[in-house]
Amino acid sequence: MQITTEQLFDHARTHNAWQPKPVPDELLVRLYDLMKWGPTSANCSPTRIVFVRSPEAKARLLPCLMEGNRAKTAAAPVTAILGMDMAFYEQLPRLFPHNPDARNWFAGNEALIQATALRNGSLQGGYFILAARALGLDCGPMSGFDAAAVDAAFWAGTTVRTNFICNLGYGDPAGLFPRSPRLPFDEACRLV
């Protein structure tokens with residue numbers, strides 16, 4: 001399969017309407033297997049994902065969302081809850097074996113744990129979207145939810161906290177808004 005920058009970036013849109021076409025489990029496994037290889041600092045890999053597909057799971061998720069996000073999430077074949085494991089550093093002996101002391105960089109340092117989990121979890125979220133696009137899926141990433149309610153509904157009893165939510169499937173182009181502008185290079189960047 002030839003993957004192009006058009007597929008990953010130029011034609012990428014945030015989808016709000018979905019075709020009633022299922023996303024196979026094998027594709028979700030492949031999506032994770034692609035995104036997991038993206039680099040993170042000290043290979044900390046804090047992202048954990050719940051793929052919400054069943055009507056029962058959607059019924060638990062929908063009340064956690066702002067009203068404007070409910071219909072599109074109900075219609076999406078899959079909704080991924082991307083969380084951050086706040087105890088990611090416990091996996092460092094396995095994930096970062098060339099430095100046996102890496103776990104101790106984080107243990108007991110809540111500020112560093114939170115900053116590292118958010119930064120690297122968000123980075124992995126970007127890899128997740130690019131991997132989904134590369135596999136032919138459309139994405140609808142969103143904020144607009146009660147994170148504490150999502151945590152209680154899907155991460156209870158764990159050290160994982162919700163970062164963001166992303167609808168997945170095959171978008172209906174009829175539901176797209178006109179493409180919004182972006183800042184030009186000279187307003188967003190500096191060469192020093």
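The values are calculated or read from the model by the stated rules, or taken from the named source; none is laboratory data. Being a predicted model, the structure only gives us computed values, none of them experimental. As a convention, Cβ positions derive from the backbone with ideal geometry for all residues, glycine included, and neighbour counts pool all protein chains shown. SASA here: full protein model, heavy atoms, side chains in, ligands and nucleic acids out. Shrake-Rupley method; radii C 1.70, N 1.55, O 1.52, S 1.80 Å.
Assorted remarks:
- Per residue, the solvent-accessible area of the chain (1.4 Å probe, heavy atoms of protein chains only, all protein chains present) comes to 56 Å².
- Region 112-128 - phi-based ³J(HN,Hα) in whole Hz, Karplus 6.51/-1.76/1.60, Gly and Pro as x: 5, 4, 4, 5, 5, 5, 5, 4, 6, x, 5, 4, 5, x, x, 4, 4
- Contact order for region 53-121, expressed relative to its length and based on alpha carbon pairs under 8 Å spaced 6+ residues apart, stands at 25 percent.
- Its DSSP H runs of at least 4 residues, each contributing -39,500 (n - 2.57), put the calculated 222 nm mean residue ellipticity of the chain at -11000 deg cm²/dmol, to the nearest 500.
- Between 0 and 90 degrees, the angle of helix 25-35 with respect to the longest Cα principal axis of the chain falls at about 50 degrees.
- Translational diffusion of region 1-132, µm² s⁻¹ [Kirkwood Rh, Cα pairs; Stokes-Einstein; 25 °C; 0.890 mPa s]: 146
- Peptides ranked, highest mean first, by Cβ atoms within 10 Å: ranges 107-118, 8-19: 8-19, 107-118
- Theoretical gain in end-to-end length, Ala59 to Ala148 [0.36 nm per residue, Cα-Cα removed]: 30.4 nm
- Top positive-direction residue, dipole computed over the chain with Cβ charges, set Trp18, Val29, Ala117: Trp18
- Of all accessible heavy-atom area on the chain, the percent that carbon and sulfur account for (1.4 Å): 59
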